Amino acid sequence: MLVMWDRFSQPPGPAAPEPPLAMPDLRAHRTGNTGVPYVWRFEAKGEGPHVAVVALMHGNEPCGAVALDRLLRRGLRPARGTWTLAFANTDAAAGGRLFGPAGTPARYLDRDMNRLWAGVRAEVPARGPPPVYPQGREQARVAAIAPWILTADLLLDLHSMQVPSPALTLCGRSPRARALAVALADPGWVVADDGHADGMRLIDHPRFSAPGSSAAAILMECGQHSAPAAGVQAWRGLIRFLAQSETLDAATARTLLAEANAPASPAKPTVVDVTHVIRAETDEFAFVKQFQGLERIAAAGTLLALDGKRAVHTPYDNCVLVMPTRTPRRGQTTVRLGRIV
Ligand SMILES: [Zn+2]
C-alpha cells in the first residue's frame, strides 16, 4: 500500500535539535558605502576581477547574511580586484505582511526577487521620467542594486532550501558557471538547470549567461533554511569562491578554511544535469513519500507522486531528485529530475 505524504504534516525533526540558524543583526551594515543601503564595495590597489556576493535574495534564508556579516565584521578586504557585497531583500528579511506577524522574515514582500531579472540593466538612465515599479518593492530594490552587481565578472548568490537536502550549487546552463562550481567543489553537488518559467533568476541574466560574455554566476543552496549547517556551508562556500577568484589572499583563505574545519581541497563534486521539471497540474499533487532531495532512484518507472489522476514516474534509471517541495501548489515546480553526468 502506498503511504501518502500529508502536505500539512511537519517533517520529523532531528534527534538532537540544535538552535535554528538565526538572522544576524544587520543594522551595522545598513549604511553601506555605495549610496545604496546594505550594499558595500571594497577595491584593492592591485588589479583583479570584480567579484560580487549576494545574500538575502530571499528574505527568509539567513545563511548568506550570516556569511557576509562575518566577512564584514572581520574586516576582510580584497587583496586584488573588487568586492561588492549586497544584502538584497532586507525589507523581507525584516518581516513581511504576507507571511505571519511582522518581524518574521519573509521570502519576499510583493514578488519573488529572484524572478525579476529579465531586462534589468546595469546602466541607470541619465534622464527621462522617474522610474515606476509596477511589480512592487522587490522590483525597486533590484533596480537599486543592479548597477552594483550586474557589472561583476564573478557572482555568488547565497541561498538555502525548504527541504533538508544536502547542499548544492546551481549553475544554470552556462559552461563558465559550471566550471566555476566544479572548481569550488564545495558544495559537493553541482546542478545544471534551466531556471524558472515564471521569471529570470539573477544567475541567468545575460550578463552571466550570454555565450559571448566572460562573466559567470552561481547560486549556492547551502542547506535547509534554519539549519546551522547552512551557515557553515555559506561561509565555506564564500571563502572558497573568493579564493578561487584570487581576490582573497591565498594564505588568508587557507587560515579561514582551517578555522572552519574545511578540507583544503574537497573531493570532486557530482554533477547533475536536470532533464525534467515536474509541475503540479492539480491541487492534489502529493509525493508518495517524503523526499529530502538528491535521492538517486535506481529504476526507471518508479512512482514518485500522484497529481490528481496523473502518476509521476522516474523517466530513467538512476534518476536524481532535486529540491522536492514540501508545499506543492498548482502551476508551480514540485521537483526537478536529473541525470548524473
Ligand atoms: Zn532562495
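Read-outs throughout are calculated quantities, based only on the coordinates presented, and are distinct from any laboratory measurement. Just so we're clear, the structure is a prediction, and the values are computed from it rather than from any experiment. Reconstructed Cβ throughout: ideal geometry from the backbone, glycine too, with neighbour counts over all protein chains shown.
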All lysines inside 25 Å of Lys289 as judged from Cα atoms, apart from same-chain residues fewer than 8 positions distant: Lys309
Ordering of 147-160, 327-340 by packing [mean C-beta count within 10 Å, highest first]: 147-160, 327-340
The range 274-340: equivalent-ellipsoid semi-axes (sqrt of 5 x gyration tensor eigenvalues, Cα, Å): 18, 12, 10
Per-selection metrics, the range 118-180 (Cα): Rg and Dmax in Å: 15.6, 48
The chain: radius of gyration over Cα atoms, expressed as a fraction of 2.2 N^0.38 Å: 0.99
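Kirkwood hydrodynamic radius, computed over distinct alpha-carbon pairs, for the range 230-341: how many Å, to one decimal? Before the final figure, lay out the partial values.
On the way: mean 1/r = 0.0609 Å⁻¹.
So the Kirkwood estimate lands at 16.4 Å.
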Antiparallel content of DSSP bridges confined to the chain, in %, to 5: 50
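Among 271-278, 177-184, how do they line up from the highest to the lowest mean number of other beta-carbon atoms within 10 Å?
The most tightly packed comes first, giving 177-184, 271-278.
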Förster radius 35 Å - calculated FRET efficiency between Ser213 and Thr31 (Cβ-Cβ, nearest 0.05): 0.65
Ordering of 224-231, 87-94 by packing [mean C-beta count within 10 Å, highest first]: 87-94, 224-231
Among Arg121, Arg27, Arg41, residue whose mean-square fluctuation peaks in a GNM of the chain (springs only between Cα atoms under 10 Å): Arg27
Charge dipole (the chain, unit charges on Cβ, about Cα centre) - positive-most of Ala144, Leu256, Ser165: Ala144
Spin-label pair Ala299/Glu284, simplified geometry with 7 Å Cα→Cβ offset, distance in nm: 2.5
Unit charges at the beta carbon, dipole of the chain: most positive-side option, Ala305, Gly223, His276: Gly223
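Evaluate the charge dipole of the chain about its Cα centre and quote only its size in Debye, nearest 20, assuming +1 on the Cβ of each Lys and Arg and -1 on the Cβ of each Asp and Glu. List each step's numbers first, then the result.
On the way: 37 positive and 30 negative charges, 75 e Å.
Using only the charged Cβ atoms, the result is roughly 360 debye.
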